[in-house]
Structure formats: C-alpha cells, structure tokens
Amino acid sequence: MIVAIISAIACLALIVGLFCHHQNRLKFRAHMMREAVRNHDFTFYLSLNGLFYGEKAMQEALNDLGQEISRLIAQNEVESWQRLTRVLTHEIMNVTTPIRSISQAYLEHPKVQGTSLEKGIVAINEASNHLVSFVDSYRKLTQLQDPVMADMDLCEVVNSVTSMYPAISFRVNIPASTVLCADESLLRQVFVNTIKNALEAGAHSIAFDWHDSRLHISNDGQPIPPEVRRDIFIPFYTTKTSGSGIGLSLSRQIMTTHGGSLTLADKAERGYHTTFIFDFGLGNGK
C-alpha cells in the first residue's frame, strides 16, 4: 500500500514537473515573440516541435500572422515611396526641363560660343542633364509594369542568371522540381539586382538556397552595418561609392507585386556575411 502511494506521488510529481517545464517553454516562446514585435521584427518563425496539437495550431497561426504583418508593412512602405517619388519626379521635371532647354539654346547661340559665359552655361547644362538622369531612375520605381504570372522553373531561371557572371562562385541549392507562378522577366531583374548589390559589396561567392518555401540569397561581401539595416530598402539609400541605391528597393517592390516580400535575415547563412530572404507567399513548408 505504501509503495503504491509513493509510486503515485512520484508519478504525480513527474507529471507536474513535465507540465511546469512545458509551460516554461511556452512562456519563453511568448517572450521571444513579444521581443520580436517590440523590435518591429515580424519575420519570426518559431518551431512547432514539442507542442500539443492545439498549441501547434496556435503557434502556426502566430507564425503566419507575423509573416503577413511583415508583408503588409513592406507593401505600405513601397506604396509610400511610390507616392513620394511621383511628387518629386513631377516637381523636379517642372524646374529642370526649362533650365535644360534654355541652357542648350544659349550654348548653340554664336554670341555665347567662345566667350567666358560658355563655361558656366556648360556647367548648368550638364548639371540639369544629370538631374534628368536622376529623375529617370525615380521613374523606374513608379512605372513598374504589372506582373504577367506564369509557371516557371526556379532552378532553371537562377542557373540562367548566374551564368551571366562567370567570375563569381555560385552555389545553387534549389530542388529541380521547384516551380513558381511568377513573372519570369521581373524575377530575373530581382536576381540580377541582388547579384549586382553583392558585387558592389565586394562579394566573391553567392549562394541560392531554398528553405521552407523561401529563397535565401547569401553573399560573402562586406557585411551590412547594424545601424543601417533598416534603411537599405529606402530608394536611393546606399553606403557604397558605386551603388545607385535603387536595386534593393526596386526588388522589394517587385516582390510585393507578386504578393510576397523581401527582407534582410537577422543572421546570415553559415559561411556568408549577408542573407536576403525572398518569400513568395507559399507558406512555411506547407
């Protein structure tokens, strides 16, 4: 009788211990998600391992919710920058066009040619031409074509793009059966922009990895400083002397038109310094 009671108490203590341990794990998960939200990081994805079926469904819903919030924030940022660039384009062109045409007319006038005024007018004309080129870059962000969706072989497209850069070492880890419904020409532009961005950072090796229905593109170029991580998708923002600051913002806009998102991973793939995550809205391995 005493042995039975002791065994029952031991079993009860074990059950209570396991229950408390499980609850502490759930509490830790809640803490991690709260910290992620506090830091405006909605790309979190917590494992479903070790959860009961109800908890697993809840965690899965929270993971999906975080991804959806991240996508909506990125979409809102893209739309805000589009509205701003439309206004800037209009205002800059209103000022630049007459300056450009008038200065060109003066340069062609015989009373100006060969005089001391010519040098100054040439400088004005060149400055206005550079400004027009700058505005044309803005237009790339506001006149993006709507995607023409069709099934495409992701591995085939990636291999085609990487073959354009024989001096770079590429690693492509994408299942041959991976098919996406997307605009192939726009996605090619996204991949080219990402490779160019890596080259501008001094990369020699680039990896394309397919993880949980997302494409990870990593490079071994100069790491992105923590203080500018939140700014890299702002149009024309760049820390590189040779960069235009258009590639990443344009790529994010293209991913948004596909119903997906483009984010910078908190931690790069092993062996690389920077990893970008391209989410096509397919879910987490579902």
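The values are calculated or read from the model by the stated rules, or taken from the named source; none is laboratory data. None of the values given here were measured: they were computed from a predicted structure. In this analysis, Cβ positions are derived from the backbone assuming ideal geometry, glycine residues included, and neighbour counts consider all displayed protein chains. Calculation scope for accessible area: heavy atoms of the full protein, side chains included, ligands and nucleic acids excluded. Shrake-Rupley method; radii C 1.70, N 1.55, O 1.52, S 1.80 Å.
Looking at segment 1-60, which chymotrypsin sites (Phe, Trp or Tyr not before Pro) are in a loop (DSSP not H, G, I, E or B) and have at most 12 other Cβ atoms within 10 Å?
The qualifying sites are Phe52.
May I ask you to rank Val148, Val37, Val112 by accessible area, largest first, using a 1.4 Å probe over the protein chains only?
Val148, Val37, Val112
Mind ranking 273-280, 176-183, 2-9, 218-225 by how tightly packed they are, going by the mean number of other C-beta atoms within 10 angstrom, highest first?
273-280, 218-225, 176-183, 2-9
Pull out a ≥ b ≥ c, the square roots of the eigenvalues of the alpha-carbon gyration tensor of segment 143-264, then state rounded if a/c is under 1.5, prolate if not and a/b is larger than b/c, and oblate in the remaining case.
Oblate, since a/c reaches 1.5 and b/c is not below a/b.
In whole Hz, what ³J(HN,Hα) sequence does segment 209-226 give by Karplus (6.51, -1.76, 1.60; θ = phi - 60°), x for Gly and Pro?
With coefficients 6.51, -1.76 and 1.60, one gets 10, 9, 10, 6, 6, 10, 9, 9, 10, 10, 9, 9, x, 4, x, 7, x, x Hz.
Run the 1.4 Å probe and let me know the accessible area of Met164, rounded to the nearest 10 Å².
Probe radius 1.4 Å; accessible area of Met164 about 110 Å².
Assign one of three labels to segment 142-185, namely rounded, prolate or oblate, based on the Cα gyration tensor with a ≥ b ≥ c the square roots of its eigenvalues; rounded applies when a/c is under 1.5, prolate when it is not and a/b is larger than b/c, and oblate otherwise.
Values: a/c = 3.38, a/b = 1.40, b/c = 2.42.
Note, shape of segment 142-185 comes out oblate.
Taking K and R as +1 and D and E as -1, what net charge do the other residues with C-beta under 14 Å from the C-beta of Cys155 add up to?
Details: positive: Arg171, Arg188; negative: Asp151, Asp153, Glu156, Glu184, Asp209.
Result for the neighbourhood of Cys155: -3.
For segment 248-264, just list the computed ³J(HN,Hα) in residue order, Karplus coefficients 6.51, -1.76 and 1.60, θ = phi - 60°, integers in Hz, with x standing in for Gly and Pro.
5, 5, 5, 5, 5, 5, 5, 5, 5, 5, 8, x, x, 7, 10, 9, 9
How large is the accessible surface of Arg25 in square angstrom, using a 1.4 angstrom probe and rounding to the nearest 10?
100
Over segment 104-197, what lengths in whole Å, largest first, do the semi-axes of the equivalent ellipsoid take, defined as the square roots of 5 times the eigenvalues of the alpha-carbon gyration tensor?
Details: eigenvalues 449, 56, 15 Å².
In descending order, the three semi-axes are 47, 17, 9 Å.
Can you tell me how segment 1-41 classifies by the Cα gyration tensor, rounded, prolate or oblate, using a/c under 1.5 as the rounded cut?
Prolate, since a/c reaches 1.5 and a/b exceeds b/c.
With all protein chains present, calculate the accessible area of Lys27 using a 1.4 Å probe and round the result to the nearest 10 Å².
Surface open to solvent at Lys27 totals about 150 Å².
Residues with amide H under 5 Å of Arg171's amide H, sequence separation 5 or more or different chain, H placed in the peptide plane at 1.01 Å from N; which?
Amide H neighbours of Arg171, under 5 Å, 5+ apart: Ile206, Ala207, Phe208.
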